[in-house]
1. Identify, please: which residue in region 56-91 is more than 6 Å from the ligand (Cβ to nearest atom) and of a type in the set (Val, Ile, Thr) and is, among those, farthest from ALA32 (Cα to Cα)?
2. If you check SER78 against the conditions, is it part of a loop (DSSP other than H, G, I, E, B) and touching a Leu at 6+ places or on another chain (Cβ under 7 Å)?
3. For a quick check of your reading of the model, give me the residue pairs whose first member lies in region 81-94 and is farther than 13 Å from GLN67 by Cβ, whose second is more than 7 Å from the ligand (Cβ to nearest atom), with beta-carbon atoms closer than 6 Å and at least 6 apart or on different chains.
4. If you scan region 30-59, which residues turn out to be open to solvent by 100 Å² or more (accessible area, probe 1.4 Å) and in a loop (DSSP other than H, G, I, E, B)?
5. Hey, does region 13-28 have a residue that's in contact with a Ser or Thr (Cβ under 9 Å, 6 or more places away or on another chain), at pLDDT 90 or above and surrounded by 11 or more Cβ atoms within 10 Å (Cβ to Cβ)?
6. Go through the residues of region 107-114 one by one and say whether even a single one is at pLDDT below 90, assigned to a loop (DSSP other than H, G, I, E, B) and within 14 Å of the ligand (Cβ to nearest atom).
Amino acid sequence: MSESEKNNVLNINYIIQPLIGPNCSEYAVAHANVTVTPFRTFAEVSMLPDIVQSMRKLGLNRVQRLQSYAWPHILNGSGHGVLIVSAPRSGRKMGYVPPMAHPGRESKRERYGG
Ligand SMILES: Nc1ncnc2c1ncn2[C@@H]1O[C@H](COP(=O)(O)OP(=O)(O)OP(=O)(O)O)[C@@H](O)[C@H]1O
């Protein structure tokens, strides 16, 4: 390792900081082998309108940080699984249930025309 590489390793920008915050759901570390453009608002959520409506009825009023990355990634379909690690009650379940419902319902509609 060269002297400049050693200096870079010691540089604060190269040290991974722990997630410290009053509400950990404000922070997300998202790794993927494809580019994921996060949903920032409900207006950007490209799921069937009745799924979005159901989420609204359940009281989902803002896109949690982990959901902003998990939803578009899962919506990419087969081969785009997620591993969500987050605090209890931080929206993990809602991080995968709505987008998982999306393709199933869509194909059912196409199949049965309903
Ligand atoms: N986007 C959102 N906006 C507002 N409330 C939300 C949102 N996502 C989830 N919630 C609410 O937060 C609570 C926890 O959500 P959820 O069950 O998805 O989290 P969890 O991390 O799986 O929780 P648990 O620790 O109970 O398993 C629920 O009451 C849910 O309705």
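The values are calculated or read from the model by the stated rules, or taken from the named source; none is laboratory data. Keep in mind it's a predicted model, so treat the numbers as computed, not measured. Neighbour counts run over all protein chains shown; Cβ positions are idealised from the backbone, glycine included. Surface areas here come from the heavy atoms of the whole protein model, side chains and all, with no ligands, DNA or RNA. Shrake-Rupley method; radii C 1.70, N 1.55, O 1.52, S 1.80 Å.
1. VAL85
2. Details: part of a loop (DSSP other than H, G, I, E, B): yes; touching a Leu at 6+ places or on another chain (Cβ under 7 Å): no.
So SER78 does not fit the description; no.
3. Pairs found: ALA87/CYS24.
4. Of everything in region 30-59, those that are open to solvent by 100 Å² or more (accessible area, probe 1.4 Å) and in a loop (DSSP other than H, G, I, E, B) turn out to be HIS31, ASN33, THR35, THR37, ARG40, LEU58.
5. Pass one, region 13-28, residues in contact with a Ser or Thr (Cβ under 9 Å, 6 or more places away or on another chain): 23-25, 28.
From what's left, at pLDDT 90 or above: none.
Scanning region 13-28 turns up no residue that is in contact with a Ser or Thr (Cβ under 9 Å, 6 or more places away or on another chain), at pLDDT 90 or above and surrounded by 11 or more Cβ atoms within 10 Å (Cβ to Cβ).
6. Taking region 107-114 first, the residues at pLDDT below 90 are 107-114.
Imposing the further condition that a residue be assigned to a loop (DSSP other than H, G, I, E, B) reduces the set to 113-114.
After this cut, where a residue has to be within 14 Å of the ligand (Cβ to nearest atom) as well, the list is none.
The answer is no; no qualifying residue exists.
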